[in-house]
Every structure is written in C-alpha cells, then in structure tokens.
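The values are calculated or read from the model by the stated rules, or taken from the named source; none is laboratory data. For clarity, every value in this text was computed on a predicted model and none was experimentally measured. Cβ placement follows ideal geometry from the backbone for every residue including glycine, while neighbour counts extend to all protein chains displayed. The protein model used for the area step is the full one, side chains on, heavy atoms only, and it has no ligands, DNA or RNA in it. Shrake-Rupley method; radii C 1.70, N 1.55, O 1.52, S 1.80 Å.
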Amino acid sequence: MNPWIVIIGVVVSWNYIDLKSDSEFNSIFCPIIFAVFVIVGLVKLIRSSLSDSHRGSGSSGGSSSSGGFFDGGDCGGGGDCGGGD
C-alpha cells in the first residue's frame with residue numbers, strides 16, 4: 001500500500017470518528033478502519049527500518065550482479081572463483 005494512501009486513510013478516518021454518535025458508520029466502522037490504517041502504517045515503518053538496517057551488512061547472500069549458478073555471474077560471494085592450480 002502506498003504510504004500516501006495510509007496517511008490519507010488515517011487522517012480521513014480520524015476526522016469521521018465519533019464514538020458517541022448514533023450512526024454505526026461513525027461509531028463502529030471508522031474506528032476499525034482507523035486502527036487498520038495505523039497497524040498497516042506501523043508494519044510498513046518497521047519493515048522498512050529493518051530492511052534498511054540489513055541493507056549494507058553483507059548478509060544478502062552475494063552481490064546483486066552475481067547472476068545465478070547457471071548464469072555465469074561474477075562470483076560476488078567472495079569464494080574462490082578461479083579454477084586452475
């Protein structure tokens with residue numbers, strides 16, 4: 001979900017929340033939608049911070065240009081790429 005959609009969803013659903021309202025939309029549906037948008041936003045924030053912290057650690061399993069096993073690649077994993085003696 002796009003971050004702007006989450007932000008707009010939180011703001012709009014917050015605007016319509018009225019827990020003392022006789023309308024089921026304002027008293028039940030909007031608080032549930034608000035909670036969903038907040039949870040989705042927090043999950044996205046946590047996932048992005050976790051992926052940013054692991055991005056430069058070298059634990060990604062090789063370089064992005066290494067190709068596959070059968071593609072040849074450039075042996076970006078730091079192993080012995082050369083044959084020979």
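Numbers below:
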{"read-out": "Karplus-derived 3J(HN,Hα), 6.51/-1.76/1.60, for each residue of region 14-24, Hz, glycine and proline x", "value": "5, 5, 9, 6, 8, 5, 8, 6, 7, 6, 5"}
{"read-out": "Karplus-derived HN-Hα couplings along region 37-48 (A = 6.51, B = -1.76, C = 1.60, θ = phi - 60°), whole Hz, x at Gly and Pro", "value": "5, 5, 5, 4, x, 5, 5, 4, 5, 5, 5, 5"}
{"read-out": "Cβ-Cβ FRET estimate between residue 12 and residue 43, R0 fixed at 25 Å, reported to 0.05", "value": "0.80"}
{"read-out": "Surface accessible to a 1.4 Å probe, residue 8 within the full protein complex, Å²", "value": "100 Å²"}
{"read-out": "Accessible-area ranking of 13, 48, 21, largest first, probe 1.4 Å", "value": "48, 21, 13"}
{"read-out": "Kirkwood Rh, Cα atoms: Rg over Rh of region 1-43", "value": "1.02"}
